[in-house]
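Structure record follows, encoded as structure tokens.
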Amino acid sequence: MSLTAGTTKDLPEPVQVFMTYLDVEKRSSIATLNSYAKDLSQFEEFLETRKSSLARPEKISADHVRGFLTRLHGQRLAKSTMSRKLSSLRSFFKYMTKHRFIAKDPMVGIRNPKQEIRHPRSLNVDQAVNLMDAQVVSEPADKRDLALAEMLYGSGLRVSEAVNLDLFDVDTSSAVVRVSGKGNKERLSPLSDASCRAVNDYLAVRAELGPAIEEQALFVGNRGGRLNRRQVNRILSRMAEGAGLHEGVHPHMLRHSFASHMLQSGADMRSVQELLGHEHLSTTQRYTHLNLQQIMNVYDKAHPLAGNQSPDAVKNEEEQ
């Protein structure tokens, strides 16, 4: 199990057992392992102030968890961050209970902090089209950038899914791409006509970016290695600037745009859920506010009693 610096604090044996389970059986990513290790280490540090430890998980009570939550609140952490840490504890104690290390789960009855309502930002259709059309395609890297952006928007991929694509994952003749999503769950996503054209144009010049013969990555950098997240962010920022968009365009915004535009065009939510690779429908439902907002804007502009118009103003307009 490989953990990055900062998360290698000596963890109690029950936590090590749990981490091995995540690594070997669940095949969690390094990022996920590091996240769990960091959260459980923080909880262990708190427990030490209460003269307790995860070395004896059967001694941990709901009061310990509430005390930890109070400390997090005092640190003014975002509620989403607090919820993630509680989620790590839930997973740990659920594993402890299931495998009979403990008889009672201390997380029972512990609720997450109420979350602020945060809606994903997205581009409108004209902005999305302009982002692609404004790209000057003259060099191999330009063709790569356009193919990448078309795929992020046209198939609604996560940036991690896009950079992890290999050459054999894409079949432009069938217009599909095989995607490895969260939890290594595979799904097939359709490719738009624009994506197929852009990918084919890029593949014709990919070798000019200097990838090694054995390099299987679909998207490679200017030195021939697999693109990473930071490079993708820089690529999209550069494309957005060239298109006159100054809204901080990032990879996930294109995914949000894909979802909202699909729903606005009449796609049913279950289908969009499958296309996005969401495990729960509730995650996809975050995008429905975009449609509602669009409806409300149309209502405000069209309805005689909507917006800031008073009934008297409407009456005066009708009499003129």
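Descriptive notes on the structure:
- Note on 272, 177: ascending count of other Cβ atoms within 10 Å places them as 272, 177, the fewest first.
- Of 26/98; 59/104; 98/185, those spanning more than 18 Å from alpha-carbon to alpha-carbon: 98/185
- Hypothetical label at residue 124: residues of the range 251-269 whose amide nitrogen lies under 16 Å (7 Å Cα-Cβ projection): 257-258, 260-262, 264-265
- Label sites at residue 160 and residue 78, each approximated as a point 7 angstrom past Cα along Cα to Cβ, lie 1.6 nm apart.
- Computed FRET value (nearest 0.05) for residue 48 with residue 87, which takes r as the C-beta separation and R₀ as 25 Å: 0.70
- FRET efficiency, 1/(1 + (r/R0)^6) with R0 51 Å, evaluated for residue 62 and residue 270 via beta carbons: 0.85
- Between residue 178 and residue 94, the modelled labels are 2.9 nm apart [label points 7 Å from Cα along Cα→Cβ].
Each reported figure results from applying straightforward, stated rules to the coordinates on display, with no laboratory input. Quick caveat, the model's predicted, so the values are computed rather than measured. Heads up, the Cβs are rebuilt from the backbone with ideal geometry, glycines too, and the neighbour counts pull from every protein chain shown.
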